[in-house]
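The values are calculated or read from the model by the stated rules, or taken from the named source; none is laboratory data. Nothing here was measured: the structure is a model prediction, and the numbers come from that model. Here the Cβ positions follow ideal geometry from the backbone for every residue, glycine too, while neighbour counts run over all protein chains shown.
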Amino acid sequence: MIEKDLTARAENVPVIPARSEEIIELAEGEKIVKTRPHALLPVVTNYCPGCPHGIMNRLVAEVLDELDIEGKTIGVAPVGCSVMSYDFFGCDMVEAAHGRSPAVATGIKRVHPDKVVFAYQGDGDLASIGMAETVHAATRGEKITIIFINNAIYGMTGGQMAPTSLPNQVTQTSPYGRDVHTAGFPVRICELLSTLDGVAYAERVCVDSPKSIRNAKRALKKAFECQIEGIGYSIIEVVSTCPTNWGMTPQKAFEWMRENMLPYYPLGVYRDVKADGFQDIYGAAAKRAEGCPIAQPPAANEGSK
Amino acid sequence: MATNKVLMKGNEALAEAALRAGCRFFFGYPITPQTELAAYMSKRLPKEGGTYLQAESEVAAINMVYGAAAAGARAMTSSSSPGISLKGEGVSYIAGADLPCVIINVQRGGPGLGSIQPSQSDYWQATRALGHGDFFMPVFAPSTVQEMANCVYDAFNVADKYRTPVMILADGMLGQMMEPVVMPEPIDPATLPEKPWATCGHGGERFHNVANSLYLVASKLEEKNVERFKRYEIIKATEQRAETFLCEDAEIVLVAFGASARIAHSAVVTAREKGIRAGLVRPITLWPFPVDTLATTFDTARAYLSVEMNMGQMVDDVRLAVNGRAPVEFFGRTGGIIPTPAEVLAQIERIAAEKGLGGCCCTCKNSDEA
Ligand SMILES: Cc1ncc(C[n+]2csc(CCOP(=O)(O)OP(=O)(O)O)c2C)c(N)n1
Ligand code: SF4
Ligand SMILES: [Mg+2]
């Protein structure tokens with residue numbers, strides 16, 4: 001959505017929302033129950049129709065509900081199409097400067113280590129201007145959860161080339177297609193971050209079908225649990241679309257995504273220290289640095305001061 | 001009762017006083033000449049149950065401060081000139097979100113990488129435009145180690161009271177200098193007033209809090225800015241701080257802050273010995289600029305001399321305050337050079353000669369005689 005469109009949705013309603021429920025009665029006693037997660041405020045979002053940002057905002061809210069953590073969660077909104085998500089999420093929210101969400105989240109988490117802190121970021125925000133903040137929050141093993149929406153484009157500013165735009169992808173600022181000889185190659189964030197010892201959980205998902213949405217929610221929940229259990233930093237990358245700036249219908253955009261993005265950004269778990277048999281990132285890191293005496297935890301390192 | 005005087009470096013006094021003011025969260029990035037401040041914090045904070053975090057950059061550090069301040073804590077960062085430039089973005093967001101925090105600039109020479117020697121060349125940056133947008137922040141300019149300790153205390157209080165970032169503008173000389181100092185009484189952070197606006201989790205007790213500087217409806221942003229500037233008016237009316245020295249009958253009024261005020265002070269003493277009625281106004285807050293104190297000199301002043309360690313920055317504010325009542329001159333050294341008392345005295349004598357001042361016999365008051 002283009003920046004100017006945001007002004008249309010300016011007045012949000014600051015009331016404590018009840019859990020809303022809409023029931024559509026079907027024939028033969030069947031019914032569809034539409035509920036809004038409590039952690040999603042009853043406001044109209046500013047996303048374009050068919051944009052996965054809406055799905056992901058909802059999934060995050062559902063997970064906050066299911067883990068019953070809305071009241072102890074502080075979210076960080078980025079600069080990008082989801083900038084105004086501070087008005088959508090029911091938990092306390094902080095709006096960060098472009099790319100700085102992981103640093104802002106770090107500050108919050110250090111003050112409230114017993115609370116849950118997440119940052120929701122786009123690919124320009126996370127992988128370009130905020131790459132230093134991203135990498136360092138990850139390597140510090142900050143107990144925060146990052147939700148990373150990779151739509152291979154700068155959505156909010158109207159469709160410029162992103163660090164994740166594919167080779168030969170046409171965008172407003174790569175009108176002849178991304179030329180890897182001059183614009184270089186896309187960044188694969190899950191692969192990159194999984195090399196860092198601070199990362200406890202990294203998974204790449206997508207939300208193009210009910211099945212993949214259910215899977216994305218499972219991953220998201222796991223990422224939040226990883227934070228709550230103090231295991232380490234967690235990130236969920238969502239391979240997404242931008243129907244508006246890709247110039248496609250939502251269905252066509254998902255098709256293009258499946259055809260071009262998924263081979264470049266394969267789905268799956270990239271790091272899971274718990275599944276690898278470690279209690280947390282510290283155990284996993286010590287094991288990785290087995291041959292390095294100084295890098296061992298103090299107990300094992302006794303006497304070597 | 002014996003006062004508890006200790007000998008401390010300026011940078012360490014800033015750190016210790018911040019701890020005593022209830023600051024438990026420090027985010028920084030190494031740079032000379034503020035090094036001792038961060039080192040002190042890294043040593044003390046873990047023992048006080050706080051957080052010292054060496055960020056990946058000044059950009060990250062100030063954004064960590066933003067997060068910690070939004071979360072309701074007294075948070076601080078320190079750096080020196082090149083690092084402060086990087087903090088500009090974050091400070092603008094902090095001001096826009098109405099959050100309190102303290103930023104310390106132990107200035108060095110500039111522009112660019114400049115030098116690592118003392119300087120006051122970030123005056124404009126601190127008082128005019130550290131970041132984009134319509135905002136100011138209170139700026140304290142201590143000139144002794146004792147005052148460095150005291151003003152950290154004041155800075156946190158002013159920050160919380162008006163929900164604004166506050167800067168302490170020191171320099172490499174003050175940071176490195178050792179002087180005896182009596183530390184202020186420690187505050188237990190748990191006893192600080194509640195911050196009902198903090199984003200710390202609503203616990204199901206209230207509507208969500210939001211820390212934000214985005215207002216896409218023009219009239220909303222204007223409303224916000226106008227409200228903030230009303231607060232600035234209160235700050236201007238109540239938070240100006242300055243000290244005067246021999247100004248009652250001063251014909252040549254020097255204006256100097258921080259390290260250069262110490263030199264100007266010596267020059268005034270010598271000028272008085274030579275029978276020139278010189279005085280000194282020393283701004284302790286640079287924003288708000290102490291125009292009220294300066295106004296008390298209008299009756300006697302025949303000329304002003306702004307003494308700075310830069311190419312002439314505060315002199316603009318002196319001119320605005322004096323508003324044509326008397327000529328305002330400037331003397332400064334730059335590049336990391338500290339002006340000498342003799343150089344400043346020579347300027348006073350030149351002005352005295354040009355104006356036919358000095359050589360008075362009966363009314364001139366020396367500080368020792370007064
Ligand atoms: C410092 C700064 N630079 C540039 C911008 C302009 N800007 C706003 S959103 C955006 C890109 C966002 O893209 P992405 O992070 O991929 O999020 P999306 O909109 O695609 O969800 C840019 C460059 C800004 N707001 N701040
Ligand atoms: S479709 Fe694209 S432009 Fe529209 S809200 Fe989604 S990411 Fe933004
Ligand atoms: Mg994007």
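Residue-by-condition table, conditions (1) under 23 Å from A:Phe278 (Cα atoms); (2) within 16 Å of ligand 2 (Cβ to nearest atom); (3) surrounded by fewer than 22 Cβ atoms within 10 Å (Cβ to Cβ):
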residue: A:Ala183; (1), (2), (3): no, no, yes
residue: A:Thr195; (1), (2), (3): yes, no, yes
residue: A:Arg204; (1), (2), (3): yes, no, no
residue: A:Pro210; (1), (2), (3): no, no, yes
residue: A:Lys221; (1), (2), (3): yes, no, yes
residue: A:Trp256; (1), (2), (3): no, yes, yes
residue: A:Glu259; (1), (2), (3): no, no, yes
Give the residue that is nearest to the chain's Cα centre (by Cα), with candidates limited to residues of segment A:224-241 that are more than 16 Å from ligand 1 (Cβ to nearest atom) and of a type in the set (Gly, Ala, Ser). A:Ser234
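Matching residues to (1) within 17 Å of A:Thr164 (Cβ to Cβ); (2) away from ligand 1 (no atom under 14 Å from the Cβ); (3) modelled with pLDDT under 95:
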| position | (1), (2), (3) |
| --- | --- |
| A:Ser82 | yes, no, no |
| A:Tyr86 | no, yes, no |
| A:Val94 | no, yes, no |
| A:Gly107 | no, yes, no |
| A:His112 | no, yes, no |
| A:Phe118 | no, yes, no |
| A:Val135 | yes, yes, no |
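Within segment B:282-292, is even one residue surrounded by fewer than 17 Cβ atoms within 10 Å (Cβ to Cβ), modelled with pLDDT of 95 or more and not aromatic (Phe, Trp, Tyr)?
yes
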Quick check: is even one residue across segment A:215-222 over 30 Å from A:Thr157 (Cα atoms), among the basic types (Lys, Arg), modelled with pLDDT of 95 or more and in contact with a Leu (Cβ under 9 Å, 6 or more places away or on another chain)? yes
Selection over segment B:210-235 where residues are surrounded by 15 or more Cβ atoms within 10 Å (Cβ to Cβ), among the hydroxyl-bearing types (Ser, Thr, Tyr) and free of Cβ contacts under 8 Å to residues at least 40 places away in the same chain yields a count of 1
Can you tell me which of B:Arg44, B:Arg128, B:Arg108 is among the basic types (Lys, Arg), surrounded by 24 or more Cβ atoms within 10 Å (Cβ to Cβ) and more than 16 Å from ligand 1 (Cβ to nearest atom)? B:Arg108
Cβ-Cβ under 7 Å pairs, at least 6 apart or on other chains, segment A:92-108 side over 21 Å from A:Thr157 (Cα atoms), far side within 16 Å of ligand 3 (Cβ to nearest atom): A:Met93/A:Ala77; A:Pro102/A:Ala119; A:Pro102/A:Gly130; A:Pro102/A:Thr134; A:Pro102/A:Ile146; A:Val104/A:Ala96; A:Ala105/A:Ala119
Taking A:Gly107 as the residue in question, decide whether it is within 16 Å of ligand 2 (Cβ to nearest atom) and at negative phi. no
Residue match in segment B:173-194 (condition: surrounded by 15 or more Cβ atoms within 10 Å (Cβ to Cβ) and under 29 Å from A:His98 (Cβ atoms)): no
Quick one: would you say A:Gly75 is more than 23 Å from A:Ile228 (Cβ to Cβ), within 16 Å of ligand 1 (Cβ to nearest atom) and either surrounded by 24 or more Cβ atoms within 10 Å (Cβ to Cβ) or not basic (Lys, Arg) (or both)? no
Condition check for A:Asp65: more than 21 Å from A:Ser240 (Cα to Cα), within 16 Å of ligand 2 (Cβ to nearest atom) and modelled with pLDDT of 95 or more: no
Check A:Asp125 against each of (1) within 19 Å of B:Ile62 (Cβ to Cβ); (2) away from ligand 1 (no atom under 12 Å from the Cβ) and name the one condition it does not meet. (2)
Among the helices (runs of 4 or more DSSP H) lying completely within segment B:1-83, list those that include at least 1 residues that are of a type in the set (Phe, Trp, Tyr) and either touching a Gly at 6+ places or on another chain (Cβ under 9 Å) or facing chain A (nearest Cβ under 10 Å) (or both). B:58-70
Checklist (1) more than 21 Å from A:Ala216 (Cβ to Cβ); (2) of a type outside the set (S, T, N, Q); (3) touching a residue at least 40 places away in the same chain (Cβ under 8 Å); (4) in contact with a Phe, Trp or Tyr (Cβ under 9 Å, 6 or more places away or on another chain) applied to A:Val135, failing item: (4)
State whether the residues of segment A:137-160 include one that is more than 26 Å from A:Lys274 (Cα to Cα) and away from ligand 3 (no atom under 16 Å from the Cβ). no
Top-ranked residue in segment A:138-156 [being away from ligand 1 (no atom under 16 Å from the Cβ) and touching a Gly at 6+ places or on another chain (Cβ under 9 Å); ranked as nearest to A:Phe224 (Cα to Cα)]: A:Lys143
Residue by residue through segment B:89-117, note down the ones that are part of a helix (DSSP H, G or I) and over 16 Å from the mean Cα position of the chain (by Cα). B:Glu89, B:Gly90, B:Ser92, B:Tyr93, B:Ile94, B:Ala95, B:Gly96
Considering (1) over 22 Å from B:Lys236 (Cβ atoms); (2) touching an Asp or Glu at 6+ places or on another chain (Cβ under 8 Å); (3) within 14 Å of another protein chain (Cβ to nearest Cβ); (4) touching a residue at least 40 places away in the same chain (Cβ under 8 Å), say which one B:Gly201 fails and leave the rest. (4)
Of all residues in segment A:135-151, which are at the interface with another protein chain (Cβ under 10 Å from one of its Cβ atoms) and in a helix (DSSP H, G or I)? A:Val135, A:His136, A:Ala137, A:Thr139
Inside segment A:115-136, can you point out the residues that are more than 23 Å from A:Glu62 (Cβ to Cβ), away from ligand 2 (no atom under 16 Å from the Cβ) and surrounded by fewer than 24 Cβ atoms within 10 Å (Cβ to Cβ)? A:Ile129, A:Met131, A:Ala132, A:Val135, A:His136
Test for B:Ala190: is it in contact (Cβ under 8 Å) with a residue 12 or more places away in the chain, under 28 Å from A:Gly71 (Cβ atoms) and among the small types (Gly, Ala, Ser): no
B:Ala159 vs (1) outside any strand (DSSP E or B); (2) surrounded by fewer than 24 Cβ atoms within 10 Å (Cβ to Cβ): all pass except (2)
Within segment A:177-224, track down each residue that is in contact with a Pro (Cβ under 8 Å, 6 or more places away or on another chain), in a loop (DSSP other than H, G, I, E, B) and β-branched (Val, Ile, Thr). A:Val187, A:Val207
Out of all the residues in segment A:163-176, is one or more buried (at least 17 other Cβ atoms within 10 Å of the Cβ), within 12 Å of ligand 1 (Cβ to nearest atom) and in a strand (DSSP E or B)? yes
What number of residues in segment A:97-122 are over 20 Å from B:Lys195 (Cα atoms) and either within 7 Å of chain B (Cβ to nearest Cβ) or not aromatic (Phe, Trp, Tyr) (or both)? 10
So the check is Cβ under 6 Å with 6+ separation or different chains; which pairs have a first residue in segment A:29-55 that's farther than 18 Å from B:Gly204 by Cβ and a second one that's within 16 Å of ligand 1 (Cβ to nearest atom) and of a type in the set (Phe, Trp, Tyr)? A:Thr45/A:Phe88; A:His53/A:Tyr47; A:Gly54/A:Tyr47
